[in-house]
Amino acid sequence: MTTDSGATEGRATTPGTAPHPAGHAADSAPDPDGGAGAPEVEGVLDVLQHQVAVFARRAEQTRLGGVGQARNSMDRAAYLLLNRLDKQGPMGVKALAAGMGIDSSTVTRQVAPLVDAGLVSRTSHPEDGRAVVLSLSERGMSRLEEVRSSRRELMGLLTAEWNEEDRDAFCALLTRFNSALLGIQPGGGPGESA
């Protein structure tokens, strides 16, 4: 597995931060994505905004879709919809849209192929026959777990040289960062958190 110095730029020592415990020599390598690479000159916020931009581009390029046969076999929208139905249980289109911070028409459009593929079941609401309830089918659960497992394996490969404390800290900070993004979404909607 090759390492990318652009991904390590943020590990350099900055006032108020500790150096990365791994202390790889690649930390001082030039950044192929155009960053000057000196946090003490740019400031930690400049480094952060640059690394977030690099991450967004690389995540889009690789799609972080896992490894093996399941790699990139499910798009992000489908994964997030199935994941939400698994974690929250059956729900209506409006509730699903609100929980994900998108509009109902978008959910309806994204759910249609999942229903056609047998991954999501669409039934009438028991109390209001006009309303639709969406739930994860057995096939959907099986497919979701296959994709989760593949993505879990990819995360293991990407963080293979990290210790448990690094992984825990990264998870906590990334979760916190994603939560902070919710507050600046257009329209102030709740957004997708899981």
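The values are calculated or read from the model by the stated rules, or taken from the named source; none is laboratory data. Just so you know, these numbers come straight off a predicted model, no measurement behind them. Neighbour counts run over all protein chains shown; Cβ positions are idealised from the backbone, glycine included. The area values use the complete protein model at the heavy-atom level, side chains included, leaving out ligands, DNA and RNA. Shrake-Rupley method; radii C 1.70, N 1.55, O 1.52, S 1.80 Å.
Under 5 Å from the amide H of VAL120 lie the amide H atoms of VAL115, SER137, each residue being 5 or more positions distant or on a separate chain, with H modelled from the backbone and absent for Pro and chain starts. In order along segment 156-166, the phi-based Karplus estimate (6.51 cos²θ - 1.76 cosθ + 1.60, θ = phi - 60°) of 3J(HN,Hα) comes to x, 5, 5, 10, 4, 8, 8, 8, 4, 5, 4 Hz; Gly and Pro are listed as x.
Modelled spin-label separation between LEU45 and THR123, with each label point placed 7 Å from Cα along the Cα-to-Cβ direction: 5.2 nm.
Pulled fully out, how much extra length does the chain show between THR106 and LYS94, if you take 0.36 nm times their separation in residues and subtract their Cα-Cα distance?
Values: separation 12, 0.36 × 12 = 4.32 nm, distance 1.05 nm.
Between THR106 and LYS94, full extension yields an extra 3.3 nm.
Residues whose amide H comes within less than 5 Å of that of GLY92, counting only those at least five positions distant or on another chain, are LEU134 (H built at 1.01 Å from N in the peptide plane).
By the Stokes-Einstein formula, at 1.306 mPa s and 10 °C, segment 109-172 with its Kirkwood radius over alpha-carbon pairs has D equal to 109 µm²/s. To the nearest 10, the accessible area of LEU80 is 40 Å² with a 1.4 Å probe. Coupling constants for segment 108-115 follow from the phi torsions by the Karplus curve (6.51 cos²θ - 1.76 cosθ + 1.60, θ = phi - 60°), and in residue order they are 4, 5, 6, 6, 3, x, 6, 5 Hz; glycine and proline get x.
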